[in-house]
Amino acid sequence: MTDDFTCHTKHPVAIVSNDSETRQRLRTWIEKAGFDVVELARGLEALGEGSAEWTAIYLDLDLEDMAGMDLLRHLRARDVLLPVLAVAADQNIDSAIQAVRLGAYDYVTKPFDGQRVIQALQRVAEYRRLRCQSQRPGQLQEEERLIGGIVGLSAPMQSLARQLQRILQADIPVCIFGETGTGKELVARAIHEQGIRARGPFIAVNCAAFAESLLESELFGHERGAFTGAVTAHRGFFEQAQGGTLFLDEVGEMSAPTQVRLLRTLQERIIRRVGGTAEIRIDVRIITATHRDLLAEVKAGRFREDLYYRLAVYPVHVPALRERASDIPLLARYLLKKSGGEGRGRPSHLSHEALDALIRYRWPGNVRELENIIQRATLSCDGPQIELAHLPAELRALVLPAIPESLPRPLRAPLEPLHDAGGVVPLRELERREILKALAVTRGSVTKAAKLLGLGRATLYRRLGELRIPAVPEREASSPEDSFQRTPRAAGSA
């Protein structure tokens, strides 16, 4: 391996399997990739302290001394960011998929495809590298920026950067496609600031924010007395953007009459203010953006085909955040700093568990949603590090391991479905469920559960009494095997 995979790749890769042939075949490919190997024939050996020094674990789900799924839960509870690569027989692919749902990073099947084994390991190394970068203090490194303020190192963003480089010095219309919240305006600003019109103004307009009757006046301007309330002449956005760039966001929301006038403006490079007769020549670069499929809108008759080809001379697609999940550590660190992190009394980084939750989330709101969550976590965090407890419940649930069967019955009893009245669930019931979940994850440890929930230990004990949840006596396990095989007794049990 090269130095590109620093931080953890000097540490060995563990193979946990009671089948010597499986261990030997995996060792051959892993060593070929440049990693040292630690072989473990029993699942319980993987619960030792040495796991903290491993780059990853190849876990055979078919173990003799314990269930592979149970070991996966324990490894996830111990170190939520330690990548576990599940190993399953080809005919047992369902188990491998289930392991991924429980938190395994990836899976490989027997008989082994050597290239697949190496590729999975390389993805793990890249994941570790980016995670280490996200914990690095100080300024965002220049090499982590692509163009302008665009942050990312993933393959989709590198491809986007190459597209943008081709058009920076070309004064042609660009149409930016992408889901809401992906950063389309940021891309438009990068094109302007790095292009040939950087010295001119950048005017951004959200076409969906104006009523149809008002948008035309805002774009092209109006003369005094053109309509009721027009007490003075008004320079429209086209005039304001002279010599620079006019960015029309959500252009797909533009009405048919406004589309006609915009098309004429692009063809003639001349505008007339509403209520005026004078022709005003314009020198403006047009960049548009939309979350809609404009070609589908054209076929449906809702968007003019001739205008589409005028605007989308060079189409650019901004990837959704879920398509570039490896950029999340960099984005989280950048947004944390932007939201006021690293100041006195403000958090400067995220815990491993919190970062893992961000990486696993699907982000329907994309980067805008990520920024919102980072801002909320920053405001609710009193220490130097954002913890899992500072994130919304839907993110916390992504990294919590399943409830072990060996837990006391009060902590693993299935919860009844929530019966809501008019869509509202009592807060007391939601609180009870979150507390039970935290106690299950921490195997009954009130101290650890309180930390996970962001509560004080005494506060959690008080809430346990109020909600009539039986506490479990805490104890320290004498060994990894003891922590797995012995079950703590519930309060009041014989």
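Take each peptide in 107-114, 358-365, count the other Cβ atoms within 10 Å of every residue, and average; sorted highest first, the result is 358-365, 107-114. Taking a straight Cα-Cα cut-off under 20 Å and skipping sequence neighbours fewer than 8 places away in the same chain, the lysines within cross-link reach of LYS184 are LYS338. The protection proxy used here, the mean number of other Cβ atoms lying within 10 Å of each residue, ranks peptides 326-333, 367-374 as follows, highest first: 326-333, 367-374. Please figure out what share of the DSSP beta bridges in the stretch 181-286 is antiparallel and state it in percent, rounded to the nearest 5. Counting DSSP beta bridges with both partners in the stretch 181-286, the antiparallel share is about 25 percent.
Here the 3J(HN,Hα) profile of the stretch 376-385, calculated from phi with Karplus coefficients 6.51, -1.76 and 1.60 at θ = phi - 60°, is 5, 5, 4, 5, 8, 9, 9, x, x, 9 Hz, Gly and Pro shown as x. One Cα centroid belongs to the stretch 287-349, the other to the stretch 206-234; the line between them spans 29 Å. Kindly identify the stretch 223-266 as rounded, prolate or oblate by the Cα gyration tensor criterion: order the square roots of the eigenvalues as a ≥ b ≥ c, call it rounded if a/c is under 1.5, otherwise compare a/b with b/c, prolate if a/b is larger, else oblate. Note, shape of the stretch 223-266 comes out oblate. With the highest mean first, a sort of the peptides 289-295, 243-249, 28-34 on other beta-carbon atoms found within 10 angstrom per residue produces 243-249, 289-295, 28-34.
Pairs of Cα atoms nearer than 8 Å and 6+ residues apart set the relative contact order; for the stretch 267-339 it is 16 percent. In this Cβ point-charge picture (+1 for Lys and Arg, -1 for Asp and Glu), the stretch 271-376 has a dipole of about 300 debye about its Cα centre. Heavy-atom accessible surface of the stretch 255-316, averaged per residue, reaches 52 Å², computed with a 1.4 Å probe.
The values are calculated or read from the model by the stated rules, or taken from the named source; none is laboratory data. Since we're looking at a predicted model, the values are computed, not measured. Note that we place each Cβ from the backbone using ideal geometry, even for glycine, and neighbour counts take in every protein chain shown. We work out accessible area using only protein heavy atoms, side chains counted, and drop any ligands, DNA or RNA first. Shrake-Rupley method; radii C 1.70, N 1.55, O 1.52, S 1.80 Å.
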